[in-house]
1. Within segment 87-171, considering only strands (runs of 3 or more DSSP E) that don't extend past its boundaries, which have at least 1 residues that are among the charged types (D, E, K, R) and over 30 Å from TYR69 (Cβ atoms)?
2. Which members of segment 56-88 meet the condition of being over 23 Å from ASN235 (Cβ atoms) and either buried (at least 21 other Cβ atoms within 10 Å of the Cβ) or small (Gly, Ala, Ser) (or both)?
3. Which residues, counting only those in segment 43-86, are of a type in the set (S, T, N, Q), under 24 Å from the mean Cα position of the chain (by Cα) and assigned to a loop (DSSP other than H, G, I, E, B)?
4. Which condition number in (1) at pLDDT 80 or above; (2) on the phi > 0 side of the Ramachandran plot is the one that PHE56 fails?
5. Mind listing just one residue for me: the one in segment 195-221 that is small (Gly, Ala, Ser) and outside any loop (DSSP other than H, G, I, E, B) and, of those, nearest to PRO151 (Cα to Cα)?
6. Of everything in segment 85-134, what is farther than 30 Å from ASP55 by Cα, modelled with pLDDT under 85 and of a type in the set (Asp, Glu)? Give them in sequence order.
7. Would you please name the residue that is surrounded by the most Cβ atoms within 10 Å (Cβ to Cβ), looking only at residues in segment 26-53 that are β-branched (Val, Ile, Thr) and at pLDDT 85 or above?
8. Evaluate segment 165-186: report whether one residue or more is modelled with pLDDT under 80 and under 22 Å from LYS212 (Cα atoms).
Amino acid sequence: MLLFIHSEPRLILKILNKSKHIFVLLLFAGIFAVVPPAHSETYIGFGMGASIPEDFRHVSLGGTAAANYEDLNGNNSFAYGIKVGHFWEHLTWRGLEFGLEMNYFKRDLDATARIVDSDFGGVESLGFRINSFQTLGLIPLVRKSLGAYEPYLGIGLAVSFLDAEEVILGNTPVNTVKVAPAISDLFDFGVIMLAGLNYKISERFKIYSEYKYSQSNYDVLLERGSSTNFNLAFNTADHNFMMGLTYDFKAF
């Protein structure tokens with residue numbers, strides 16, 4: 001059986017997807033408005049790099065044809081993102097500085113179709129084609145200034161959005177079944193962790209190198225006709241390595 005899922009997000013999903021960018025801008029504007037720039041640090045940054053996913057784990061098919069599948073390798077992809085944040089001058093402890101950052105990044109999460117072991121006897125093809133995989137995190141940060149260098153780390157909450165193009169799942173091309181577009185649980189709330197290093201190149205600009213880790217769980221609903229439903233559940237996690245540039249507004 002070969003199942004294709006064509007993504008047609010509902011109106012509410014489109015609104016939520018667009019609202020992420022608006023939320024980032026509002027957060028930045030709010031922080032900049034209420035905290036005097038001369039006595040604090042407010043910054044914005046952009047970076048790009050690579051996303052290295054872990055395996056698609058705990059893949060299971062529910063409904064009429066229930067089955068469990070072997071883990072599936074994900075494909076590496078290009079990643080990019082934007083972040084806005086703030087550090088408070090008087091919020092320090094033993095040389096450590098504390099801040100808050102909104103971090104958004106986008107990458108793919110494909111997995112080339114291949115034969116995997118399953119409850120059906122090990123002759124099942126499984127694959128994922130993803131248009132985009134996006135994460136928005138709110139992360140408390142701690143950093144240490146060492147001259148021109150600033151190592152930092154943080155852990156916070158994140159919401160991830162999966163835009164699936166198609167899922168390939170089946171044992172023979174003869175049993176191809178086209179599925180009516182219906183996907184559920186496209187959003188997942190979880191934890192995001194990051195660590196990085198800033199290097200000051202001027203009063204306003206810093207180069208940064210950063211590592212981010214996130215994990216998500218999804219349950220994709222596949223509807224075949226009006227009576228047969230399939231739920232494809234899976235877990236994902238990825239490692240993201242980025243380099244970029246930040247602009248510090250405290251110089252004004």
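The values are calculated or read from the model by the stated rules, or taken from the named source; none is laboratory data. None of the values given here were measured: they were computed from a predicted structure. Glycine also receives a Cβ, built like all others from the backbone with ideal geometry; neighbour counts cover every protein chain displayed.
1. Numbers: elements: 96-107, 111-116, 124-144, 149-170.
Correct list: 96-107, 124-144, 149-170.
2. Once the filter is applied, which keeps residues that are over 23 Å from ASN235 (Cβ atoms) and either buried (at least 21 other Cβ atoms within 10 Å of the Cβ) or small (Gly, Ala, Ser) (or both), segment 56-88 yields LYS83, VAL84, GLY85, HIS86, PHE87.
3. Restricting attention to segment 43-86, the residues satisfying the condition of being of a type in the set (S, T, N, Q) are 51, 60, 64, 68, 73, 75-77.
Filter again for under 24 Å from the mean Cα position of the chain (by Cα), leaving 51, 60, 73, 75-77.
If the condition is that a residue be of a type in the set (S, T, N, Q), under 24 Å from the mean Cα position of the chain (by Cα) and assigned to a loop (DSSP other than H, G, I, E, B), then ASN73, ASN75, ASN76 are the ones that fit.
4. (2)
5. In the first step, residues of segment 195-221 are kept if they are small (Gly, Ala, Ser); the result is 195-196, 202, 209, 214, 216.
If we keep only those that are outside any loop (DSSP other than H, G, I, E, B) too, we end up with 195-196, 209, 214, 216.
Numbers: ALA195: 8, GLY196: 6, SER209: 10, SER214: 20, SER216: 27 Å.
Residue satisfying both the conditions and the ranking: GLY196.
6. GLU89
7. Initially, segment 26-53 is screened for residues β-branched (Val, Ile, Thr), giving 31, 34-35, 42, 44, 52.
From what is left, the residues that are at pLDDT 85 or above are 42, 44, 52.
Details: THR42: 21, ILE44: 18, ILE52: 15.
By that ranking, first place goes to THR42.
8. Step one: list which residues in segment 165-186 are modelled with pLDDT under 80, which gives 165-186.
In the following step, the residues that additionally are under 22 Å from LYS212 (Cα atoms) were identified as 186.
Yes, segment 165-186 contains a residue that is modelled with pLDDT under 80 and under 22 Å from LYS212 (Cα atoms).
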